[in-house]
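Encoded as structure tokens, the structure appears first; notes follow it.
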Amino acid sequence: MKLKSLLFDEKAVSRAIMRIAHEIVERNESVDNMMLVGIKTRGVPLAQRLSDFIYNKIEPSLKLPVGTLDITFYRDDLTKIKERGPVVSDSAIPESIEGKTVILVDDVIFTGRTVRAALDALIAFGRPAKIQLAEMVDRGHREVPIRADYVGKNIPTSKNEVIRVKLAETDGVDAIEICEL
């Protein structure tokens, strides 16, 4: 992959997280019955950052629980990745999701298939009252009828472009890049 351009630097990534956090609090009556669940890999640190921002800057009375969700066995393309094999890790949901508002968090929404798999994986843990979706980047090209409730940035792309979200926790730097295949 060849880097085409840097779309977000560290400050822009922080601003997008701040905006999404404010939107989550504004659109929901209360954060008392809410949980953030990050889709592995980069959705997990994004969910943690959203929780930290909401607690430290908006609603200091409550620290939102953060879960992690591994969607590996819910993917519809497992047969296509058999040569390298699926990499499975544990999901960790810190408490019951029954009756809660669950915000699924991921880095990039593209076809919508990852989110579809995440919905299936999440429902295996129980029945939340409501599920919302927060994405750092929406690049378009849906193949299933799914849309994000909260989006850091809409970035229209061509099919031969890739959006890479880099986070300090996983990549050593905060940035969003567009690359060509």
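The values are calculated or read from the model by the stated rules, or taken from the named source; none is laboratory data. Quick caveat: nothing in here was measured; it's all calculated off a predicted structure. FYI the Cβ positions are ideal-geometry reconstructions off the backbone, even for glycines, and counts take in every protein chain you see. Surface areas here come from the heavy atoms of the whole protein model, side chains and all, with no ligands, DNA or RNA. Shrake-Rupley method; radii C 1.70, N 1.55, O 1.52, S 1.80 Å.
Quickly run through the stretch 26-37 and pick out the residues that are open to solvent by 10 Å² or more (accessible area, probe 1.4 Å) and either part of a strand (DSSP E or B) or touching a residue at least 60 places away in the same chain (Cβ under 8 Å) (or both).
R27, N28, N33
Can you pull out every residue in the stretch 147-175 that is assigned to a loop (DSSP other than H, G, I, E, B), closer than 28 Å to E26 by Cβ and open to solvent by 30 Å² or more (accessible area, probe 1.4 Å)? Please lay out each step first, then the result.
We begin by selecting, within the stretch 147-175, every residue assigned to a loop (DSSP other than H, G, I, E, B); these are 147-149, 155-160, 167, 172-174.
Okay, now just the ones that are also closer than 28 Å to E26 by Cβ, so 147-149, 155-156, 167, 174.
Within the stretch 147-175, R147, D149, P156 meet the criteria.
Select from the stretch 1-25 the residues that are over 19 Å from V66 (Cα atoms), open to solvent by 70 Å² or more (accessible area, probe 1.4 Å) and not in a strand (DSSP E or B) and list them in ascending order.
Selection gives M1, D9, E10, K11, R15.
Considering only the stretch 38-55, state which residues are within 10 Å of the chain's Cα centre (by Cα), open to solvent by less than 10 Å² (accessible area, probe 1.4 Å) and either modelled with pLDDT under 95 or of a type in the set (A, V, I, L, M, F, W, C) (or both).
Applying the first criterion (within 10 Å of the chain's Cα centre (by Cα)) to the stretch 38-55 yields 38-47.
Restricting the remaining residues to those that are open to solvent by less than 10 Å² (accessible area, probe 1.4 Å) gives 38-39, 43, 46-47.
Those that are within 10 Å of the chain's Cα centre (by Cα), open to solvent by less than 10 Å² (accessible area, probe 1.4 Å) and either modelled with pLDDT under 95 or of a type in the set (A, V, I, L, M, F, W, C) (or both): I39, L46, A47.
Of everything in the stretch 106-141, what is part of a loop (DSSP other than H, G, I, E, B) and within 16 Å of the chain's Cα centre (by Cα)? Give them in sequence order.
Looking only at the stretch 106-141, we keep the residues that are part of a loop (DSSP other than H, G, I, E, B), and these are 110-112, 124-129, 139-141.
Of everything in the stretch 106-141, those that are part of a loop (DSSP other than H, G, I, E, B) and within 16 Å of the chain's Cα centre (by Cα) turn out to be F110, T111, G112, R139, G140.
Six or more apart or on different chains, Cβ atoms under 9 Å: show the pairs whose first residue is in the stretch 166-181 and farther than 16 Å from K2 by Cβ and whose second is exposed (fewer than 13 other Cβ atoms within 10 Å of the Cβ) and among the basic types (K, R).
D174/K11
Give me the pairs: first residue in the stretch 94-110 and within 10 Å of P128 (Cβ to Cβ) and touching a residue at least 60 places away in the same chain (Cβ under 8 Å), second residue surrounded by fewer than 21 Cβ atoms within 10 Å (Cβ to Cβ) and among the β-branched types (V, I, T), beta-carbon distance under 6 Å, and six or more apart or on different chains, which are they?
Every condition considered, the pairs that remain are V102/I131.
Kindly provide the set of residues from the stretch 123-134 that are over 14 Å from V44 (Cβ atoms), in contact with a strand residue (DSSP E or B) (Cβ under 9 Å, 6 or more places away or on another chain) and open to solvent by less than 30 Å² (accessible area, probe 1.4 Å), ordered by number.
Answer for the stretch 123-134, where residues must be over 14 Å from V44 (Cβ atoms), in contact with a strand residue (DSSP E or B) (Cβ under 9 Å, 6 or more places away or on another chain) and open to solvent by less than 30 Å² (accessible area, probe 1.4 Å): P128, Q132, L133.
Being modelled with pLDDT of 95 or more and open to solvent by less than 10 Å² (accessible area, probe 1.4 Å): is that true of G112 here? First the steps, then the outcome.
Values: modelled with pLDDT of 95 or more: yes; open to solvent by less than 10 Å² (accessible area, probe 1.4 Å): yes.
Yes; evaluated as a whole, the condition is true for this residue.
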